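I have placed the structure first, in the form of structure tokens, so that the comments after it can refer back to it.
The values are calculated or read from the model by the stated rules, or taken from the named source; none is laboratory data. Since the structure is predicted, the reported quantities are computational estimates derived from the model, not experimental observations. Note that we place each Cβ from the backbone using ideal geometry, even for glycine, and neighbour counts take in every protein chain shown.
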Amino acid sequence: MRVLGVVEVKVMVPDRPTDWIRAVAVSEEVLLSDKLTDALGVSPVLVGAGIWRFADEPPHVGRRSVEPELWHEG
């Protein structure tokens, strides 16, 4: 594992504002750690299918993950 540095992340959805969360980026396959997921207020529903909700949303709400964006230095 290689530590890449401090980043700020947020969940971007069209229907509500969300806060920026400070996190440490590392180079490994996991994109969101359990602690970052909690800090963002994200509650996984069907992880393999990419279905999630915010922790304060009712159980019938299911949001779909979007395709990842690749960011390159430089």
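Observations on the structure shown:
- Selection status of VAL24, of a type in the set (A, V, I, L, M, F, W, C), surrounded by 10 or more Cβ atoms within 10 Å (Cβ to Cβ) and either in contact with a Leu (Cβ under 7 Å, 6 or more places away or on another chain) or over 22 Å from GLU67 (Cβ atoms) (or both): yes
- Positions within the range 16-62 being over 26 Å from VAL3 (Cα atoms) and in contact with a Phe, Trp or Tyr (Cβ under 7 Å, 6 or more places away or on another chain), in sequence order: VAL45
- Selection count where residues are without any contact (Cβ under 8 Å) to a residue 40 or more places away in the chain and part of a strand (DSSP E or B), scope the range 16-56: 16
- Test: SER33 is at pLDDT below 90 and surrounded by 12 or more Cβ atoms within 10 Å (Cβ to Cβ): yes
- The set of residues in the range 1-15 being under 13 Å from the mean Cα position of the chain (by Cα), assigned to a strand (DSSP E or B) and either small (Gly, Ala, Ser) or within 15 Å of ALA39 (Cα to Cα) (or both) consists of VAL7, GLU8, VAL9.
- Some residue of the range 9-17 being of a type in the set (Asp, Glu) and over 16 Å from ARG64 (Cβ atoms): no
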